[in-house]
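Note sheet for the following structure.
The values are calculated or read from the model by the stated rules, or taken from the named source; none is laboratory data. All values derive from a computational prediction rather than experimental measurement. In this analysis, Cβ positions are derived from the backbone assuming ideal geometry, glycine residues included, and neighbour counts consider all displayed protein chains. Protein only, heavy atoms only, side chains kept; ligands, DNA and RNA dropped before computing areas. Shrake-Rupley method; radii C 1.70, N 1.55, O 1.52, S 1.80 Å.
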Amino acid sequence: MYQSLAEMFLSQAKRYGDRLLYRFARDGRWESVTWREAVMRAREIALGLLSIGVNRGDRVAIFSANRVEWSLIDWANICIGALTVPVYSSSTASQLSYILEHSGGSVLFVESAKRLKKLDLRHPSLSAVRKIILIDGPAPPNSSAPQLPVISLAELQQIGRDYSQSHGDLFERIALSLRPEDDLTI
């Protein structure tokens with residue numbers, strides 16, 4: 001019996017390795033992600049989050065449509081004990097502000113630069129947000145709100161890979177330390 005979803009995820013990834021976990025359409029073609037690839041990408045995201053100061057119990061909001069990256073970000077959160085705050089992709093800027101203000105989200109993943117442009121980055125509800133991570137493409141110049149840095153998911157994953165060099169098995173240690181009574185999502 002598993003003590004947490006994080007333990008189950010790591011165990012199943014070890015068991016199923018190169019078997020397909022996700023299959024999805026992108027730009028008119030089918031792509032796949034194996035269990036091994038999913039853990040590797042979730043690990044990079046998780047370590048990137050840890051390196052920017054996300055801790056167990058912190059809230060990480062995801063403002064995106066359903067997609068494989070949404071799942072990988074969620075697994076990263078699950079494995080480090082951060083709570084995922086899902087935000088419907090159809091939510092308005094005011095709805096997002098309300099959710100962020102009441103959840104205390106410290107990091108906000110946003111699907112695209114187009115969606116990011118719709119947000120008022122100076123709104124008080126974003127005061128707890130320390131960083132915005134753009135899922136698609138490079139982060140745009142952030143001249144409108146320099147106090148709220150925007151980086152790309154690819155940059156976060158690179159930060160995670162770099163962080164891994166000096167923090168070895170931190171991801172696995174945290175994931176395996178989680179217990180059934182730990183919060184998971186909002």
Rounded to 0.05, the calculated FRET efficiency for the beta carbons of Y98 and N55 at R₀ = 25 Å is 0.55
Checking L49, L100, L176 against a Gaussian network model of the chain (alpha-carbon springs below 10 Å), the top fluctuating residue turns out to be L176
Filtered hits (lysines, Cα-Cα < 28 Å from K131, offset >= 8 within chain) -> K114, K117, K118
Two pseudo-spin positions, 7 Å from Cα along C-beta at F24 and at K117, lie apart in nanometres by 2.3 nm
Taking Cα atoms, the helix 35-51 axis meets the longest principal axis of the chain at an angle in degrees (rounded to 10) of 50 degrees
Output for the stretch 96-186: GluC sites (Glu not before Pro) sitting in coil per DSSP, at most 16 other Cβ within 10 Å, listed by number, reads E181
A 1.4 Å probe over the protein heavy atoms gives the chain a carbon and sulfur accessible-area percentage of 52 percent
Simple spin-label estimate for E155/D169, 7 Å along Cα→Cβ, in nm, reads 3.3 nm
Residues of the stretch 149-175 with backbone N under 16 Å of the label point set 7 Å from the Cα of Y2 along Cα→Cβ are 172-175
Mean accessible area per residue over the chain (1.4 angstrom probe, all protein chains present, square angstrom) is 52 Å²
Measuring from its Cα centre, the chain shows a charge dipole (+1 at each Lys and Arg Cβ, -1 at each Asp and Glu Cβ) which, in debye to the nearest 20, is 300 debye
Once normalised by the length of the chain, the mean sequence separation of its alpha carbon contacts under 8 Å that are 6 or more apart gives a contact order in percent of 26 percent
One checks the Cα atoms of the chain and finds Rg and Dmax, in Å, of 16.1, 50
